[in-house]
Amino acid sequence: MGRTEITALLLLLPAMALGAEDDRVLLRDPDPEVRCAAVKRIGREGGDDAVPALLDAAFDPFFDVSVAALEALALIGPPARSAIPRLEELVLV
């Protein structure tokens, strides 16, 4: 199974199939497509620990991962307000 197929599976599997901790591990994968898929899963599932993980992903060097993280934070809404001070760093760079 290639990376494309793995990425597609990540987007389709429910979070409980892997678990939140597995998603966090995938955020460190060398393949940006895998990281992007993990970000989308984390954002879709939400949860208390989603905001810190997505905030870190917002600073990913791969543009698509960073944008996916920002979109996920926006979808989370008010619970993601704690991320605003650090996100200002993206604008001030």
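The values are calculated or read from the model by the stated rules, or taken from the named source; none is laboratory data. Bear in mind the structure is a predicted one, so any value in this text is a computation, not a measurement. Accessible surface is based on the protein model in full, side chains and every heavy atom, while ligands, DNA and RNA are left aside. Shrake-Rupley method; radii C 1.70, N 1.55, O 1.52, S 1.80 Å.
Each row is one residue, and each column tells you yes or no for (1) among the charged types (D, E, K, R); (2) at pLDDT below 90.
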| site | (1), (2) |
| --- | --- |
| THR4 | no, yes |
| LEU18 | no, yes |
| GLU21 | yes, yes |
| VAL25 | no, yes |
| ASP29 | yes, no |
| GLU33 | yes, no |
| GLU45 | yes, yes |
| LEU54 | no, no |
| LEU73 | no, no |
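Within segment 38-93, the only residue that satisfies the criterion of being farther than 15 Å from ARG24 by Cα, open to solvent by 90 Å² or more (accessible area, probe 1.4 Å), not hydrophobic (A, V, I, L, M, F, W, C) and not in a helix (DSSP H, G or I) is PRO61.
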